1. Using the Cα centre of the stretch B:64-202 as the reference point, and only Cβ charges (+1 on K/R, -1 on D/E), how large is the resulting charge dipole? Debye, rounded to the nearest 20.
2. Between A:Arg246 and B:Glu6, take the C-beta separation as r, use R0 = 45 Å, and let me know the FRET efficiency to the nearest 0.05.
3. If you average 1/r over all unlike Cα pairs in the stretch B:6-54 and invert the result, what Kirkwood radius do you get in angstrom?
4. Which one of B:His80, B:His109, B:His23 has the biggest mean-square fluctuation once chain B is modelled by GNM with Cα springs under 10 Å?
5. Whole Å is fine, so just give me how far the alpha carbon centre of the stretch B:130-167 lies from that of the stretch A:95-131.
6. How far is it, in nm, from the label point at B:Leu185 to the one at B:Val67 when both lie 7 Å from their Cα along the line to the Cβ?
7. Leaving out ligands, DNA and RNA but keeping every protein chain, what accessible area does A:Phe214 have, in Å² rounded to the nearest 10, with a 1.4 Å probe?
8. State the dimensionless ratio Rg/Rh of the stretch A:78-203 (Rg: radius of gyration of Cα atoms; Rh: Kirkwood radius).
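The values are calculated or read from the model by the stated rules, or taken from the named source; none is laboratory data. Just so you know, these numbers come straight off a predicted model, no measurement behind them. Methodologically, a virtual Cβ is constructed for each residue, glycine included, from the backbone with ideal geometry; neighbour enumeration extends over all protein chains shown. Protein only, heavy atoms only, side chains kept; ligands, DNA and RNA dropped before computing areas. Shrake-Rupley method; radii C 1.70, N 1.55, O 1.52, S 1.80 Å.
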Amino acid sequence: MPLRDTEAFVLRSYTLKEADKICVFLTRDAGKIRGVAHGARKLKSKYGASLEPFTEVSLHYFEQENRDLVSINNCEIIRSQFADTISSERLAALHYLSELLMEFLPDHEPNETIYRLVGAALKSLRQTGDDPSLLLRYCEVWILKLAGFFPDWRRCAECERELPMNVPVWLSADGAPQCANCSNQRGDALTSETRMLVNDILRMPPEKFVAQIFDPRALTKLESIVARLIKNTLERELKSYEMLGRLRSL
Amino acid sequence: MLDYAEPVTKLIDEFKRLPGVGHKSAQRLAFYLLKATPEEADRLIEAIREVKEKITFCSICNNLTDVDPCRYCDNPTRDHTMICVVEEPYNLVAIEKTREYHGLYHVLHGALSPIRGIGPDELKIRSLIERLRPQDDAPEVEEVILATNPNTEGEATANYLSRLLKPLGVRVTRIGMGLPVGSDLEYADEVTMHKALTNRHVM
């Protein structure tokens with residue numbers, strides 16, 4: 001049973017038996033893993049606040065062959081979200097991000113880009129105050145892209161013709177971009193503002209992106225496109241997405 | 001093919017539905033009951049039936065009770081100007097054990113958790129706000145103590161409630177967070193220590 005060390009983000013935790021927890025981690029070296037933290041719910045637990053969502057930790061765990069659940073030996077905090085004030089909007093954003101990552105990332109497949117994306121997004125969360133919607137759009141596009149579900153808007157999916165920014169684009173029902181000829185100008189028309197927005201997401205770091213001011217209509221459009229892509233891919237809506245809307249409207 | 005006779009399998013399956021009970025524990029419980037006397041089995045059946053028939057939620061504070069209003073809400077010796085808000089009925093028991101608090105309670109039955117689909121509408125928040133409105137026959141509530149769990153969800157719930165309750169002119173306080181008594185500073189993680197320093201008091 002080898003002991004492994006890695007950096008990780010806590011994505012979620014569930015209670016197990018009386019005082020234990022099952023935690024889902026996004027690790028730098030082993031991708032998404034699940035582990036048991038014995039006695040984690042006790043008041044004097046050695047884990048303290050280290051298993052709160054999106055805490056970045058230095059994780060030490062034992063792994064056994066043919067076992068999906070690892071056994072957590074130690075967890076030391078590197079950076080915590082819990083030290084800051086947690087508003088309901090921020091909680092909803094963290095839970096949404098966590099659900100996105102849990103749904104779109106396969107188990108045990110390390111992905112350095114995703115790991116760095118989460119780290120950078122969490123740093124930018126402090127900048128966004130109580131409206132993290134820009135940051136969430138950023139994360140959604142990147143997570144979908146890295147998981148292979150975000151279509152390339154620079155080319156027509158049918159004829160593969162290049163689609164410059166000034167050329168109108170239509171999205172088919174499955175989210176594939178099409179030129180005027182292939183789409184017969186039917187489907188969801190994409191404005192150049194929405195395309196520019198995605199362009200900015202793909203070329204800017206999150207801290208720079210959330211500091212920009214964008215056309216609210218383009219943001220709303222992108223939100224609906226991404227929500228549809230997620231729903232089509234998972235064949236259901238994320239639980240936290242609906243709650244995100246409800247908490248935002250309060 | 002069944003491993004055991006059908007009634008035994010059925011009993012094991014029912015035990016397995018209980019939280020924290022796996023197949024082995026369910027099997028152990030079922031075999032204990034098989035060996036128990038009919039009187040012992042009847043006592044258990046009666047206890048389950050009684051709890052299901054008699055226990056309801058208090059119409060004022062949402063605590064579990066066999067009389068409505070519950071014995072806390074109906075007790076004139078308790079301080080009716082203070083309400084302590086907790087997530088679950090068993091949290092209330094932990095506070096009562098201290099014998100330090102003599103006010104009333106309000107049970108939310110959970111905390112905000114978007115990932116589990118729990119938002120403000122799923123919690124008993126509306127009835128809490130109703131209790132804070134001035135009523136002819138009851139003293140006005142002066143303080144609400146937010147005693148939700150010291151984790152991300154409990155903290156977000158407390159912040160949400162505080163934003164909601166402060167405009168009603170009531171004093172909103174949060175239970176202290178920090179080091180557990182009997183522990184050692186050496187073993188405290190930085191977040192717990194940070195909270196303990198933030199919540200320090202003058203001596």
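1. Details: 15 positive and 22 negative charges, 61 e Å.
Computed charge dipole of the stretch B:64-202: roughly 300 debye.
2. Plugging the Cβ-Cβ distance into 1/(1 + (r/R0)^6) gives 0.45.
3. Values: mean 1/r = 0.0871 Å⁻¹.
Result for the stretch B:6-54 stands at 11.5 Å.
4. B:His23
5. Their Cα centres are 32 Å away from one another.
6. Using points 7 Å along Cα→Cβ, the separation is 5.0 nm.
7. Looks like 40 Å² after rounding.
8. 1.04
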